[in-house]
Amino acid sequence: MDLRQMRYFLAVAEERNFNRAAERLHIAQPPLTRQIRALEDELDTLLFVRTPKGVELTEAGAALLDEVPNLLSLAQRARERTQLAGQGRTGRLDVGIFGSGVLDVIPRILARFHAERPDVRIVLHNQTKAEQLEALRERRIAVGFNRLVPPDSDVQVETVLRERMVVALPAHHPLAARKRLALHDLDEQPMILYPNLPLPGLAQRVMQAFERDGLRLRVEQEVEDVLTSIALVAGGFGLSVTTESATSLRLPGVVYRPLDCPALRDIELACLYRRGDPSPVLAAFVDVVRAFARQRARSRAETQV
């Protein structure tokens with residue numbers, strides 16, 4: 001049995017007449033008659049008996065009629081779901097995220113994608129840069145967000161935006177009275193660095209900037225994430241060079257000041273995913289990321305005019 005035969009059978013069963021069924025199906029009667037006979041031959045039973053007014057269902061035909069609407073409905077549902085999946089409108093998207101990235105930009109991108117494709121299930125995974133790269137290679141995530149991602153032949157990296165750098169410091173600190181800070185202002189100040197991870201990141205960028213300018217970096221604490229870093233700033237442990245998005249962490253006793261330093265002017269947020277991944281869901285998500293990146297770039301250019 002095939003779906004075309006099921007549709008033909010249903011039309012004849014409902015119309016009780018081959019001519020009317022053929023008109024309803026927009027086909028000639030002879031092909032319809034041949035298909036019904038082929039179906040009867042396959043099932044090895046009569047489905048219809050002819051009457052002066054048309055046809056009537058046999059008991060076997062009535063039994064089949066009980067099943068056919070459900071079969072056609074399931075087939076239509078399978079077709080629609082398959083088409084939606086092929087268009088990237090259903091399915092699942094596993095996303096690798098990290099510390100400060102979830103404070104501003106990434107939630108906006110995810111919200112925009114969810115609004116466009118509400119039937120795609122988004123699953124978030126809090127991972128370090130190394131964990132994201134490994135998860136991408138092992139296909140445990142489809143896409144990730146991170147900073148200073150090293151080149152990789154298997155991973156495509158696209159810049160979403162560049163975030164300005166700021167200094168988080170205790171509100172009672174003498175430097176808090178200034179509107180802007182330079183890197184030399186942080187010379188010998190107790191500093192809290194993050195993340196303390198093997199792959200190069202913000203902490204390494206800060207170290208390199210101090211070394212380049214011949215300044216002494218006094219490391220008070222090295223922590224894993226931005227929240228811990230800002231919490232320690234609130235506790236008076238020291239200062240922290242962080243990203244503009246971290247300013248959304250309004251912890252009591254913490255203020256933020258822009259940092260004037262060519263080597264630490266800004267830092268990119270990147271989207272990373274497997275090269276050549278054919279997933280329609282991923283393609284749709286990358287389109288949203290690129291549209292967001294273009295919008296942010298335009299907004300930043302307009303503010304600088």
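The values are calculated or read from the model by the stated rules, or taken from the named source; none is laboratory data. On a predicted model such as this, the values are computed, not experimentally measured, just so you know. A quick note on method: Cβ atoms are made from the backbone with ideal geometry, for glycine too, and the neighbour counts reach across all protein chains shown.
Within region 206-231, how many residues are surrounded by fewer than 22 Cβ atoms within 10 Å (Cβ to Cβ), of a type outside the set (V, I, T) and in contact with a strand residue (DSSP E or B) (Cβ under 7 Å, 6 or more places away or on another chain)?
Of the residues in region 206-231, 5 are surrounded by fewer than 22 Cβ atoms within 10 Å (Cβ to Cβ), of a type outside the set (V, I, T) and in contact with a strand residue (DSSP E or B) (Cβ under 7 Å, 6 or more places away or on another chain).
Among the residues in region 256-265, are any modelled with pLDDT under 95, in a helix (DSSP H, G or I) and of a type outside the set (A, V, I, L, M)?
yes
Checking K53 against (1) without any contact (Cβ under 8 Å) to a residue 24 or more places away in the chain; (2) at negative phi, which single condition isn't satisfied?
Unmet for K53, out of (1) without any contact (Cβ under 8 Å) to a residue 24 or more places away in the chain; (2) at negative phi: (1).
Hey, could you check region 40-92 for residues that are surrounded by fewer than 12 Cβ atoms within 10 Å (Cβ to Cβ) and hydrophobic (A, V, I, L, M, F, W, C) and say which is modelled with the lowest pLDDT?
Only one residue fits best here, namely A78.
Among the residues of region 63-83, which ones are over 16 Å from A11 (Cβ atoms) and of a type in the set (A, V, I, L, M, F, W, C)?
A63, L74, A78
Taking A22 as the residue in question, decide whether it is in contact with a Pro (Cβ under 9 Å, 6 or more places away or on another chain), surrounded by 19 or more Cβ atoms within 10 Å (Cβ to Cβ), farther than 30 Å from V166 by Cβ and hydrophobic (A, V, I, L, M, F, W, C).
Yes, satisfied.
Looking at region 283-304, can you tell me whether even one residue there is more than 21 Å from H173 (Cβ to Cβ), of a type in the set (S, T, Y), surrounded by fewer than 19 Cβ atoms within 10 Å (Cβ to Cβ) and under 33 Å from the mean Cα position of the chain (by Cα)?
yes
Of the conditions (1) part of a strand (DSSP E or B); (2) touching a residue at least 40 places away in the same chain (Cβ under 8 Å), Q221 satisfies every one except a single condition; which number is it?
Q221 satisfies every listed condition except (2).
Test E59 against the criterion of being without any contact (Cβ under 8 Å) to a residue 24 or more places away in the chain and either touching an Asp or Glu at 6+ places or on another chain (Cβ under 6 Å) or not assigned by TED's automatic domain parsing to the domain that holds I141 (or both), and give yes or no.
Answer is yes for this residue.
If the requirement is being part of a loop (DSSP other than H, G, I, E, B) and in contact with a Gly (Cβ under 7 Å, 6 or more places away or on another chain), which of these qualifies: P195, P200?
None of the others qualify; the one that does is P195.
Can you name the condition, by its number, that G96 falls short on among (1) under 20 Å from P280 (Cβ atoms); (2) at pLDDT below 90; (3) touching a helix residue (DSSP H, G or I) at 6+ places or on another chain (Cβ under 9 Å)?
Against the list (1) under 20 Å from P280 (Cβ atoms); (2) at pLDDT below 90; (3) touching a helix residue (DSSP H, G or I) at 6+ places or on another chain (Cβ under 9 Å), G96 comes up short only on (2).
Which residues, taken from region 238-269, are buried (at least 19 other Cβ atoms within 10 Å of the Cβ) and over 17 Å from V226 (Cβ atoms)?
Within region 238-269, C261 is the sole residue that qualifies.
Is there any pair linking a residue in region 250-268 that is more than 13 Å from A168 (Cβ to Cβ) to one that is of a type in the set (D, E), with Cβ under 7 Å and at least six apart or on different chains, and which?
Filtered contacts from region 250-268: D266/E163; I267/E163.
Limited to region 21-46, what total is found for residues that are of a type outside the set (A, V, I, L, M), part of a helix (DSSP H, G or I) and without any contact (Cβ under 8 Å) to a residue 12 or more places away in the chain?
Going through region 21-46 one residue at a time, the tally reaches 8.
Read through the list (1) closer than 30 Å to V286 by Cβ; (2) exposed (fewer than 14 other Cβ atoms within 10 Å of the Cβ), then give the number of the only condition that P31 fails.
(1)
Residues that are more than 30 Å from N196 (Cα to Cα): find the helices (runs of 4 or more DSSP H) completely inside region 50-152 holding 1 or more of those.
Where helices (runs of 4 or more DSSP H) fall fully within region 50-152 and carry at least 1 residues being more than 30 Å from N196 (Cα to Cα), they are 59-86, 105-116.
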